[in-house]
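Below: the structure, in structure tokens.
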Amino acid sequence: MLDIRYIRENTDKVKASLLRRGGDYGIDKLTELDKKRLGLVKKGEDLKRQKNEVSQLIGVRKKAGEDTTEIQGESRKLGEKIEKTEIETKRIAVSIREALLAIPNVPHESVPFGEGDSDNVEVRKWGEPVDFDFLPKNHVEIGEGLNILDFARAAKLAGSRFSLSKGTAAAMERALINFMVDTHTSEAGYVEIAPPYLVNSEAMTGTGQLPKFAEDLYKIENTDYWLIPTSEVPLTNIFSNEILLFEDLPISMCSFTPCFRAEAGSYGRDTTGLIRQHQFNKVELVKLVAPEDGEKQLEKITENAEDILKKLNLPYRVVTLSTGDLGFSATKTYDIEVWVPSQGKYREISSCSLFTDYQARRMNIRFKRDKKAKPEYVYTLNGSGLAVGRTLVAILENYQNKNGTVTIPEVLQSYMGNINTIEKTNIL
RNA sequence: GGAGGGUUGGCCGAGUGGUUGAAGGCGGCGGUCUUGAAAACCGUUGAACGUAACCCGUUCCAUAGGUUCGAAUCCUAUACCCUCCGCCA
């Protein structure tokens, strides 16, 4: 969330920035409430001071054996006044917090203005799409043809938007996960984390999924557990309510987890195949950094994700999301899009975002520059490194051969018993 | 699932109703001493808000309520941790 003090002191600036997101977000009403609250707080504190003084006096007089009936009544009266003020203060504070939680992050000035994804701006492109001398199949045709993907049976188990990979496909997913995590930990200095896949509401609120986007999440009935839609949630929340040391920054974490998304409102989009699933595997990168380091680290995290695609030799491009496509908590986001031959276009395979102190403020993650310094909020970042299912799609399609087999990318071969081709199998 | 025990500052740990934001120790920081260091000694040492800062004030002893003129201390609920029993990958 945004800093109420910052909003108080830079009201017009905040309003102008949010306008780029196409909204007003009730800033005027918010500042009005804020003013009211401050007045009440002051009043309440003044009353409390009086009461503390009186209570102390009672203690002293009682010790001296004096009668304190009258002065006790006075204290009680003060108590009633305080209670009234507090109730009102709390009521306003709650509305302020609710309003703040519903206000998105302010877009970075370098973010292009736009209505939606059509206004995203391409930053760079890498690799050349293969020029097939045959009509390339899509990954579903390839996978089912080789008998390594089975959507029909997955539907029996869980319905649509679920998949079942068999034999070499299952092995390749596992290989991809290991390859990605190994690369990030050994070459880019990330620490591997294996987090819980279920988290509580507080954690979901910390990273911004709640309260606004509950319909995108799966909740475990009769509990306060939610299935994580991305390991961004557990990883970023690891340090909630902590004060870190400057020397510890930047903190770079990497994890592999399944991700669960309800995909409400995406009916009719990518209905077949692995592109959009209720459950998918993802390797995630998360960083906690000092504010002045934020923009540089966004470039870095994006490069780390790109590096995986380069090593897999998959053509991709990087785009900057426009204000219309930018996620709620992010100030700036790069999407990495991989070439999907069957669709003849680039599709998102990674999303790398800088959140400034927006998430850190919700989670209360701070750091100190030195022992005596005041704590400051860290900046948080995350990026997919990469979405595993979509990477599998890209490999199947970009590495397909005319005879229906798929060549295995060189970097994965050592992870797959040194085989180099996926052939059709008759397993199951 | 059953039965107990616990949760106090960066850490350890005292504190069962009245200037207790909290003894003592460790650690940290500053200083004295020293050629330098260690030791010793002295001082200092959390966070949020009001406020940019000082002073000052308010709040914070797991969390949320309650009792009381006054709560770290009493009561209730919840969360988490530990031990034992049962069950279990």
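Data for the structure
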quantity: Dimensions in Å of the stretch A:204-302 - Rg and Dmax from alpha carbons; calculated: 15.9, 49
quantity: Rel. contact order, % - alpha carbon contacts under 8 angstrom, at least six apart, chain A; calculated: 20 percent
quantity: Gain in span if fully extended, residue A:144 to residue A:405, counting 0.36 nm per residue against the direct Cα distance; calculated: 92.8 nm
quantity: Where only alpha carbons of the stretch A:4-101 are counted, the Rg and the Dmax (Å); calculated: 20.3, 69
quantity: For the stretch A:327-420, the fraction of alpha-carbon pairs in successive 10 Å shells from zero, as %; calculated: 14, 28, 23, 16, 13, 4, 1
quantity: Ordering of A:383-392, A:406-415 by packing [mean C-beta count within 10 Å, highest first]; calculated: A:383-392, A:406-415
quantity: Accessible surface of the stretch A:4-101, 1.4 Å probe, proportion on carbon and sulfur as whole %; calculated: 51 percent
quantity: Anchor residue A:62: lysines whose Cα lies under 22 Å away (excluding residues fewer than 8 positions away in-chain); calculated: A:48, A:51, A:77
quantity: Computed [θ] at 222 nm, helices only, for chain A once each DSSP H run of length n ≥ 4 contributes -39500 (n - 2.57); calculated: -13000 deg cm²/dmol
quantity: ³J(HN,Hα) computed for each position of the stretch A:205-220 - Karplus, 6.51 cos²θ - 1.76 cosθ + 1.60, integer Hz, glycine/proline x; calculated: 6, x, 8, x, 5, 9, x, 7, 10, 4, 5, 8, 10, 9, 10, 7
quantity: FRET efficiency, residue A:61 to residue A:90 (Cβ-Cβ, R0 45 Å, nearest 0.05); calculated: 0.85
quantity: Estimated dipole of chain A in Debye, rounded to 20 [Cβ of Lys and Arg +1, of Asp and Glu -1, Cα centre]; calculated: 1360 debye
quantity: Too-long pairs where the Cα-Cα distance tops 30 Å, listed order kept, from A:156/A:282; A:219/A:311; A:90/A:296; A:29/A:300; calculated: A:219/A:311; A:90/A:296; A:29/A:300
quantity: Full-extension gain in nm, residue A:245 to residue A:152, via 0.36 nm per residue minus C-alpha separation; calculated: 28.3 nm
quantity: Computed lengthening from residue A:299 to residue A:311, 0.36 nm per intervening residue step minus Cα-Cα distance; calculated: 2.5 nm
quantity: Accessible area expressed per residue, chain A, with surrounding protein chains retained (probe 1.4 Å, Å²); calculated: 50 Å²
quantity: Pairwise label distance in nanometres, residue A:28 with residue A:41, each label 7 Å out on the Cα-Cβ vector; calculated: 2.5 nm
quantity: Column: log10 I(q)/I(0), Debye, Cα scatterers of the stretch A:188-243, q = 0.13, 0.16, 0.17, 0.24 Å⁻¹; calculated: -0.33, -0.48, -0.54, -0.95
quantity: Distance cut-off 31 Å, percentage of C-alpha pairs in chain A lying past it; calculated: 49 percent
quantity: Ranked by how many other beta carbons lie within 10 Å on average, peptides A:16-26, A:261-271, A:325-335 from highest; calculated: A:325-335, A:16-26, A:261-271
quantity: Under the Karplus curve 6.51 cos²θ - 1.76 cosθ + 1.60, θ = phi - 60°, whole-Hz ³J(HN,Hα) for the stretch A:231-243, x wherever Gly or Pro sits; calculated: 6, 3, 5, x, 5, 5, 7, 3, 9, 4, 6, 10, 10
quantity: Equivalent-ellipsoid semi-axes of the stretch A:92-152, from the Cα gyration tensor, Å, largest first; calculated: 44, 23, 9
quantity: Cα radius of gyration and Dmax for the stretch A:98-202 (Å); calculated: 20.7, 57
quantity: Burial ranking of peptide ranges A:52-59, A:129-136 (average Cβ count within 10 Å, highest at the top); calculated: A:52-59, A:129-136
quantity: Cα centroid of the stretch A:28-69 to Cα centroid of the stretch A:103-172, whole Å; calculated: 61 Å
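The values are calculated or read from the model by the stated rules, or taken from the named source; none is laboratory data. Quick caveat, the model's predicted, so the values are computed rather than measured. Here the Cβ is made from the backbone with ideal geometry for all residues, glycine too, and neighbour counts use every protein chain on show. Just so you know, the surface numbers come from the protein's heavy atoms only, side chains and all, with ligands and any DNA or RNA stripped out. Shrake-Rupley method; radii C 1.70, N 1.55, O 1.52, S 1.80 Å.
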